[in-house]
Amino acid sequence: MTATSETMPTAGPPTPRSRRFRQWWTVVSVLVGLEVRQRVRTTRWKITLTVAFLVISAVVFGSMFIALSPAGAAYRDWAQNLYTIVLGTLLFLGIVLAPTLTATAINGDRKDATLAVVQATAISNWQLAVGKLIGNWVSCLALLMVALPYLVWAIVAAPYGIGPGIVGVVVCALLFACYCGIGLGFSALTSRPAGSAVLTQATVFFLLLGLPALFGLLYTTTAQEHEVVRAQYSWPDEFSEPVRTPPPCADVEVTETFHHTERIWWLLAPNPALIVPDIVAPHDNPQVYGWASDTSPAGPTLAAPVAEMLSSTRMGPYVDAPKCAEQTVYYSSSGDNGPSAFYRDQRAHQHARVGDSWYIGLLINVAFGGIGLIIAARRLRVPAGRLPKGVRIA
């Protein structure tokens, strides 16, 4: 009789970590393919992309017609703002489309009795959640592919350069992924697809409109009085002849109110309409104060004032005031066609954070999307345990 150890199977070597990693993502890629094919096969998705292309085309050529014909602007001035126009349109369409896609990704499959079939396999809850997130995100990226001709045109025509222009598009795509994560979380939390769609849209529009409104409500609470030295001019009560020289001036100490917006600026950080302009603004054309030739040089684009406003809000007030030495005019009298010292320092203070806030807003959006993904993965665990009322298993 032979020993039993000769016939018993022996345990093989442990699976390498790299192999397990590849197997994990292979399953995710299968789920991504299923999600994408499910979207591509529907006629509604094709109609949505067609409508999106027509909307982008109408915005681009409509803005060009308005700028060149009624407004009488030069093609150069319109073309350098094309990047802001195209990215703004894509952000609006993505804000509407991305949450809607994922808002029914889980409860919609559960309603159609297809989710339990997938959960009955060896697929883990995290693989299922990540696969649905990436699949719906890839579907949203079709918006960028539809607008690719206009994106190439805008990046080439913009004064920012190829690198910053591409970074702006990549950040726009990452924002779509964040909104998909938010929608996925609400889809796992609620049993009705319509309810999750409404909650997702409300959350995204709260980031876009609600937080700025909250900033406006809290603006008055940031007021604080400071003692500053300001120029005080002694103007005569009546003018018998044109004033050719400045009136007598004295520097006096006064109490003025300043709003410390640096305390609540973070409420504006996750706003997608402020994130993309802040990326490209540091590479924009400089401010033009004067020129010697007949043709004026190209000035800043529409992204510059948006980024400067965000920077000024983050930096807070410039606690100072112009003195008598600054004269009464904005420009200096030295003939350099630039701001005088006070206004130059004030502008430098307000614009010190241009280009330094977009990544903070992106991280906040990533946090919201990550929370949605975690919620979805936890609600997809098998066995599910206790489920909310109205949720079906199969």
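Each row is one residue, and each column tells you yes or no for (1) at pLDDT below 85; (2) closer than 29 Å to Pro212 by Cβ; (3) of a type in the set (S, T, N, Q).
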position: Phe258; (1), (2), (3): no, yes, no
position: Arg263; (1), (2), (3): no, yes, no
position: Asn271; (1), (2), (3): no, yes, yes
position: Leu274; (1), (2), (3): no, yes, no
position: Val306; (1), (2), (3): no, yes, no
position: Gly316; (1), (2), (3): no, yes, no
position: Gln327; (1), (2), (3): yes, no, yes
position: Ser334; (1), (2), (3): yes, no, yes
position: Ala348; (1), (2), (3): no, yes, no
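The single condition from (1) open to solvent by less than 80 Å² (accessible area, probe 1.4 Å); (2) modelled with pLDDT of 85 or more that Gln23 fails is (1).
Is it true that Leu214 is in contact (Cβ under 8 Å) with a residue 40 or more places away in the chain and either within 29 Å of Arg44 (Cα to Cα) or small (Gly, Ala, Ser) (or both)? Against the criterion (in contact (Cβ under 8 Å) with a residue 40 or more places away in the chain and either within 29 Å of Arg44 (Cα to Cα) or small (Gly, Ala, Ser) (or both)), Leu214 does not qualify. Looking at Leu93, Leu101, Leu141, Leu68, which one is modelled with pLDDT under 95 and within 20 Å of Thr190 (Cα to Cα)? It is Leu101. Would you confirm, using the coordinates I've provided, whether Ala281 is at pLDDT 90 or above, assigned to a helix (DSSP H, G or I) and in contact with a helix residue (DSSP H, G or I) (Cβ under 8 Å, 6 or more places away or on another chain)? For Ala281, the condition - at pLDDT 90 or above, assigned to a helix (DSSP H, G or I) and in contact with a helix residue (DSSP H, G or I) (Cβ under 8 Å, 6 or more places away or on another chain) - is met.
For the stretch 297-320, the set of residues classified as more than 17 Å from Gln224 (Cβ to Cβ), part of a loop (DSSP other than H, G, I, E, B) and open to solvent by less than 40 Å² (accessible area, probe 1.4 Å) consists of Ala298, Gly299, Thr301, listed by residue number.
Scanning the stretch 45-94 for residues that are without any contact (Cβ under 8 Å) to a residue 12 or more places away in the chain and not in a helix (DSSP H, G or I) yields a total of 6. Taking only pairs six or more apart or across chains, which ones have beta-carbon atoms under 6 Å, a first residue in the stretch 317-328 that is under 29 Å from Thr222 (Cβ atoms), and a second residue that is at pLDDT below 90 and charged (D, E, K, R)? As it stands, the answer is Ala321/Arg230; Lys323/Asp251, since those pairs meet every condition given.
The values are calculated or read from the model by the stated rules, or taken from the named source; none is laboratory data. Since the model is a prediction, treat every value here as computed from it, not as a measurement. Please note: Cβ atoms are built from the backbone with ideal geometry, for glycine as well, and neighbour counts cover all protein chains shown. Keep in mind that these areas ignore ligands, DNA and RNA; they rest on the heavy atoms of the full protein, side chains included. Shrake-Rupley method; radii C 1.70, N 1.55, O 1.52, S 1.80 Å.
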